[in-house]
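Novice: One structure is given below, represented as structure tokens, and several questions about it will come after.
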Amino acid sequence: MFAVEPDIDEERLAAAVAPFAAIAEAMTVVRAHAPAPPEAERVDEERREAYMRQALRAAAKEFDRVAVVCGAWHVPALTAPLPSASSDAAVLKGLPKVKVAMTWVPWTHARLASWQGYGAGVRSPGWYHHLFTAVDEHVVARWLVRAAGVLRKDGVPVSSAHVIEATRLAEALATMRGRPLAGLAEVTDAAHAVLCDGDDLRLSLINRRLVVGDRLGRVPDQTPGVPIARDVASSQRRLRLQPAVSSREIDLDLRRDLDLQRSQLLHRLRLLGVDWGQVLANRKGRGTFWESWQIAWQPEFAVDLVEAGVYGTTVREAATARVAEQAAEAETLADVTALVERCLLADLPDALPGVLDALDERMALDADVAHLMDALPALARTLRYGDVRGTDLSALRSVTHGMITRVCVGLPAAVGGLDDAAAAVMRDRIDGVQGALALIDDADASQRWQALLGGLSTRDDLHGLLTGRMSRLLLDAGTVDADDIGARMALVLTVGVPVAKAAAWIEGFLAGDGLLLVHDERLLALVDAWLTGIPADGFVEVLPLLRRTFSGYPAPQRRMIGERAAHIGTDGRPRAAEHDDQVDPDRGALLLPVVARLLGKELHDG
């Protein structure tokens, strides 16, 4: 009995009393008329089939009935009459003996499909599985019922009437084409026309889910395998994370021990190159103790685990060794800081000291302040959210503070003489450091940083994009007040300042959030007066910068800015608010404790 990969007309397969015999007959004809392969390929093929026949002879001596699982191409070479054992031995003579270890790997229909790159695969494994497992003669009708289910699951309204009409159309097409039964071509055309309303996208969904399919094979638990693979399988059972080829999303609450261990397993596997899960963006309204994953197990992960077995016998041991190797091979400072964060997420305390040593070494040797600024955000996230996972981060805190000091010392020399592109990159780096310091919440470091920005923001030799952005960061931090910012803006938006430089300053100052112009009409009036005073030729020059700045605002903010601008007085100054005298400070003070509590701050008397 031969279990082969069917690749012949399904009419012959469905009608044949012995389908394997029909396949063997077909493949004999195919081999007889196939072109001669290259010499090296022919020799390899002869050796493969000679060894297959030797294994078949050995099995036949031990067992009365033998089943051979092979590709259909090899069937004629393994059926009687077989060549003599001596001739096969002569083919294999002189080959070196190599020790190998074997295991069974579960596979999927998608990986068996030829369109996924498996040269010996079939075009439609899901369809052939349906043919082999059909319980009655209603093969076409049952297939179209399943196709309708796939479309319904994706939100496409398909009724039983659609299925009935599609079945009739498939049978009519088979009659018109002179076929005794409707095959895959007929049911596909019928589904395309009736169930999918001619939509190719819906048909591709049916092809992916049904014609190919996503069935995942299974192997017995006692199957020999590498230790790390057994550890992964044990962890999957213990954590109730069953491997499935279909993609699904899971939400993990890191405050729960079970979900925390699930997260650690997924992160450790990612360090080993087994991307079972992909981290999704945090859901809106969720805290930092939530993680969202999209997981899908692929059969080739079994091979990846075999490769990862050289690092250790368990996932934790292997991930620890792999991180140590990556830290030694890291070329940039940012690569090492990313490893620090991944060590935290994967809970690898044994690997963290080595990574911190590598980080300290790279930081001492790296004189580029840009690299230090790129590396800081990952360390800040690690310090901020490490308490969720209960990791000791005292050593990392010391390294981070040293990096902040080096950034403050090196930044003044790094921001001078930059062109437009370099200034835009440096602005993003400054924003990254600002956000990192907000996460660390260190008063001394923040004070040093704000003092540095205060000195740099008044330098005339800096790009306008940088000085504008620094001024905005100082205003948001409360280091300078609105009057000071108004004076700076009025100085920049004067006739003597080149229009391009003024536009760059405005872009840096206003980037990110338009609520500042909504609530501060004085600044809005300054921007409005500058815009209306730009000459026609200069306005064309700065228009792309202005559009880029304001297009980043949400539509409601742009609408409110427009409404505010419409109420600016004819003299260029904002009109007085109509109800300023009705503000009640005592009633407003009642809200301050609640707002402070929401922001995580404490109000102090005085």
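The values are calculated or read from the model by the stated rules, or taken from the named source; none is laboratory data. Everything numeric in this text was worked out from a predicted model, so none of it was measured. Cβ: placed from backbone, ideal geometry, glycine included. Neighbour counts: every protein chain shown. Quick note on the areas: whole protein, heavy atoms, side chains included, nothing else; ligands and nucleic acids left out. Shrake-Rupley method; radii C 1.70, N 1.55, O 1.52, S 1.80 Å.
Novice: Please work out the average accessible area per residue across the chain, using the 1.4 Å probe convention, and give it in Å².
Specialist: Numbers: 34110 Å² over 606 residues.
Dividing the accessible area of the chain by its residue count gives 56 Å².
Novice: Put +1 on the Cβ of each Lys and Arg and -1 on the Cβ of each Asp and Glu in the chain; which of VAL122, MET176, GLY478 then has its Cα farthest toward the positive end of the dipole?
Specialist: Of VAL122, MET176, GLY478, it is MET176.
Novice: How much FRET efficiency would the formula 1/(1 + (r/R0)^6) give for ALA589 and SER159, where r is the Cβ-Cβ distance and R0 is 56 Å, rounded to 0.05?
Specialist: According to the calculation, E is roughly 0.30.
Novice: So, with +1 on the Cβ of K and R and -1 on the Cβ of D and E, and no other charges, what is the size of the charge dipole of the chain about its Cα centre, to the nearest 20 debye? Present the calculation step by step, with values, prior to reporting the outcome.
Specialist: Working: 67 positive and 83 negative charges, 413 e Å.
Approximately 1980 debye in magnitude.
Novice: Then there's this: Between the helical axis of 227-238 and the dominant principal axis of the chain, each derived from Cα atoms, what acute angle in degrees is found, rounded to the nearest 10?
Specialist: Helix 227-238 sits roughly 70 degrees off the main axis of the chain.
Novice: Full-extension gain between GLN294 and LEU239, please, as 0.36 nm times their residue separation minus the C-alpha to C-alpha distance.
Specialist: 18.2 nm
Novice: Next question, about the same structure. Give me the extension gain from LEU201 to ALA487: residue separation times 0.36 nm, minus the current Cα-Cα distance, reported in nm with one decimal.
Specialist: Roughly 97.1 nm would be gained on extension.
Novice: From the phi of every residue in the stretch 529-541, what ³J(HN,Hα) in whole Hz does the Karplus formula 6.51 cos²θ - 1.76 cosθ + 1.60 yield, where θ is phi - 60° and glycine or proline is x?
Specialist: Here the 3J(HN,Hα) series is 5, 5, 4, 5, x, 6, x, 4, 5, x, 5, 4, 6 Hz.
Novice: Where a ≥ b ≥ c are the square roots of the eigenvalues of the C-alpha gyration tensor, would you call the stretch 392-531 rounded, which needs a/c under 1.5, or, failing that, prolate if a/b is larger than b/c, or oblate? Walk me through the numbers on the way to the answer.
Specialist: Working: a/c = 2.42, a/b = 1.69, b/c = 1.43.
Prolate shape, in that a/c is at least 1.5 and a/b is the bigger ratio.
Novice: So, one more: Projected onto the charge dipole of the chain (+1 at Lys/Arg Cβ, -1 at Asp/Glu Cβ, origin at the Cα centre), which of VAL595, ALA141, VAL433 gives the Cα projection farthest towards the positive end?
Specialist: ALA141
Novice: With each label point set 7 Å from Cα along the Cα-Cβ vector, what nm distance links VAL68 and THR28?
Specialist: In this crude spin-label approximation the distance works out to 1.3 nm.
Novice: Quick one: if you stick a label point 7 Å off each Cα along the C-beta vector at ASP275 and ALA421, how many nm between them?
Specialist: About 2.8 nm separates the two model spin labels.
Novice: In the stretch 481-530, carbon and sulfur make up what percent of the accessible area (probe 1.4 Å)?
Specialist: On the way: 1270 of 1980 Å².
The computed percentage sits at 64.
Novice: For the chain, find the longest principal axis of its Cα atoms and tell me its angle to the long axis of helix 555-566, 0 to 90°, nearest 10.
Specialist: With rounding to tens, the tilt is 20 degrees.
Novice: How large is the charge dipole for the stretch 230-386, taken about the Cα centre, if only the Cβ atoms of Lys, Arg (+1) and Asp, Glu (-1) carry charge, to the nearest 20 debye?
Specialist: Here the size comes out at about 1060 debye.
Novice: If I compute P(r) over Cα pairs in 20 Å bins from 0, in percent from the structure I just sent, which labelled value in (1) 18, 49, 30, 3; (2) 14, 31, 30, 19, 5, 0; (3) 20, 56, 22, 2, 0 lines up?
Specialist: Matching entry in (1) 18, 49, 30, 3; (2) 14, 31, 30, 19, 5, 0; (3) 20, 56, 22, 2, 0: (2).
Novice: Turning to a different aspect of this structure: Starting from the Cα-Cα distance between VAL43 and THR405, subtract it from 0.36 nm times their residue separation and give me the gain in nm to one decimal.
Specialist: So the extension gain works out to 123.6 nm.
Novice: While we're looking at this one, here's another question. For LEU181 and VAL306, what does the FRET efficiency come to when R0 = 45 Å and r is the distance between their Cβ atoms, rounded to the nearest 0.05?
Specialist: 0.55
Novice: What nm distance separates the two modelled labels at LYS93 and HIS138, each placed 7 Å from Cα along Cα→Cβ?
Specialist: Using points 7 Å along Cα→Cβ, the separation is 6.3 nm.
Novice: Given +1 on the Cβ of Lys and Arg, -1 on the Cβ of Asp and Glu, and no further charges, what dipole in debye does the stretch 392-522 carry about its Cα centre, rounded to the nearest 20?
Specialist: In debye, rounded to 20, the stretch 392-522 gives about 340.
Novice: Under 8 Å for C-alpha pairs, at least 6 residues apart: give me the relative contact order for the chain, rounded to a whole percent. Before the final figure, lay out the partial values.
Specialist: Values: 672 pairs, mean separation 43.4, N = 606.
Here the relative contact order equals 7 percent.
Novice: At a 1.4 Å probe, what is the % contribution of carbon and sulfur to the accessible area of the stretch 111-232?
Specialist: 54 percent
Novice: Could you tell me which of VAL245, GLY562, HIS33 has its Cα farthest along the dipole of the chain towards the positive end, charges placed at Cβ (Lys, Arg +1; Asp, Glu -1), taken about the Cα centre?
Specialist: After comparing all options, I get HIS33.
Novice: Now a separate question. Tabulate in residue order the Karplus-calculated ³J(HN,Hα) for the stretch 87-96, using 6.51 cos²θ - 1.76 cosθ + 1.60 with θ = phi - 60°, rounded to whole Hz; enter x for Gly and Pro.
Specialist: Karplus values, whole Hz, x for Gly and Pro: 5, 5, 5, 5, 5, 8, 5, x, 6, x.
Novice: Right, another one. Please give every one of the aspartates and glutamates within straight-line cross-link reach of LYS153, meaning a C-alpha to C-alpha distance under 19 Å, and leave out same-chain neighbours fewer than 8 residues apart.
Specialist: Correct list for LYS153: ASP197, ASP199, ASP200, ASP214, GLU249.
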